[in-house]
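See structure below.
The values are calculated or read from the model by the stated rules, or taken from the named source; none is laboratory data. The shown structure was predicted, so the numbers you read here are calculated from the model rather than taken from an experiment. Positions of Cβ are generated from backbone atoms using ideal geometry, with glycine treated the same way; all protein chains shown enter the neighbour counts.
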Amino acid sequence: MSDGGSFERLLDLQEHDTRIDQLNHQRATLPERETLAAVQASLTELDRMAAGVQAKRDAAGRDQKRREDEVAGLEAKLGDLNNSMYSSGVTSPRELQTMQEEIDALQRQRRGIEDEIIELMEYVEPLDEQLSAANEQRAALDVDAQASLGRLTEQEVVIDRELKAVEGERDAIAVDVPADVMDMYEDLRRSFAGLGIVRLEHGICGGCHLALPRAEVDRLKHLAPDVPVHCEECGRLLVR
Ligand SMILES: [Zn+2]
């Protein structure tokens, strides 16, 4: 550090880094980001719920198909029996009675299965309504998510534009700072949560905002500006 100007330059650098930190924080904590996350959480929850309903609906559909196949099988058997009774010359009354009993039994069985099919269709109906409602809800949430993403992107673009400008200015300042001074500066930044170098104005530290003792302020007045001085309270480097 050869002159007071270097401290001024570091302070200028600090102000730019502080602005960059603020912009990055602002970018990370945009309220729109939370809004978007909430909509996406709702979508995830909706999809989870709909997947459960869809699974029940699919299982019921498979049950219904199996029963319909059973009905088709029974109908084929009934057709065969009817053919046998009326066209194959069975004449024994006992045999005809046995066949008729078999037909009655198959018809009862078919009616039982058909009742189950109707029950399944009644079971499936509200599930289909739920799925249809979920689809509508998903479409509305998708619109919300797109709108929210659009607003978020707009806000990010504005912040990014400023970030780029401030970073450009920051780099132009940093290029003239010697490497060892830059190391010291970065150490200070790390030690003081980003704000390591501040201005002393009217005897007040720009970091902790406490007033330095009168005697200390007087002592500093007589020091050369290139002598590094730290705040007695917080330890930050003071530029005066
Ligand atoms: Zn301080």
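The table below lists the values:
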{"quantity": "Enumeration of residues in region 184-195 that are over 16 Å from VAL229 (Cα atoms), surrounded by 11 or more Cβ atoms within 10 Å (Cβ to Cβ) and without any contact (Cβ under 8 Å) to a residue 12 or more places away in the chain", "calculated": "GLU186"}
{"quantity": "Residue in region 80-101 that is surrounded by 15 or more Cβ atoms within 10 Å (Cβ to Cβ), in a helix (DSSP H, G or I) and basic (Lys, Arg) present", "calculated": "no"}
{"quantity": "Scope region 188-212; condition farther than 23 Å from ASN24 by Cα and small (Gly, Ala, Ser); matching residues", "calculated": "GLY203, ALA211"}
{"quantity": "Where VAL198 falls short, out of the listed (1) outside any loop (DSSP other than H, G, I, E, B); (2) within 11 Å of the ligand (Cβ to nearest atom); (3) surrounded by fewer than 16 Cβ atoms within 10 Å (Cβ to Cβ); (4) not polar (S, T, N, Q)", "calculated": "(3)"}
{"quantity": "Residues of region 207-230 satisfying the condition of being under 15 Å from LEU11 (Cα atoms) and within 12 Å of the ligand (Cβ to nearest atom)", "calculated": "GLY207, VAL229, HIS230"}
{"quantity": "Matching option when the condition is out of contact with any Lys or Arg (no Cβ under 6 Å at 6 or more places or on another chain), without any contact (Cβ under 8 Å) to a residue 40 or more places away in the chain and loosely packed, with under 13 Cβ neighbours inside 10 Å, among GLU154, GLU216", "calculated": "GLU154"}
{"quantity": "Options ALA145, ALA172; residue that is over 30 Å from the mean Cα position of the chain (by Cα), part of a helix (DSSP H, G or I) and at pLDDT 95 or above", "calculated": "ALA172"}
{"quantity": "Output for region 15-32, where each listed residue is surrounded by 15 or more Cβ atoms within 10 Å (Cβ to Cβ) and more than 28 Å from ILE173 (Cβ to Cβ)", "calculated": "GLU32"}
{"quantity": "Verdict on VAL124 being at pLDDT 95 or above, hydrophobic (A, V, I, L, M, F, W, C) and over 30 Å from LEU23 (Cα atoms)", "calculated": "yes"}
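Residues are listed down the side, and each one gets a yes or a no for (1) among the hydroxyl-bearing types (Ser, Thr, Tyr); (2) at pLDDT below 95:
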position: LEU23; (1), (2): no, no
position: LEU43; (1), (2): no, no
position: LEU46; (1), (2): no, no
position: ARG57; (1), (2): no, no
position: GLY61; (1), (2): no, no
position: SER84; (1), (2): yes, yes
position: GLY89; (1), (2): no, yes
position: LEU96; (1), (2): no, yes
position: LEU106; (1), (2): no, no
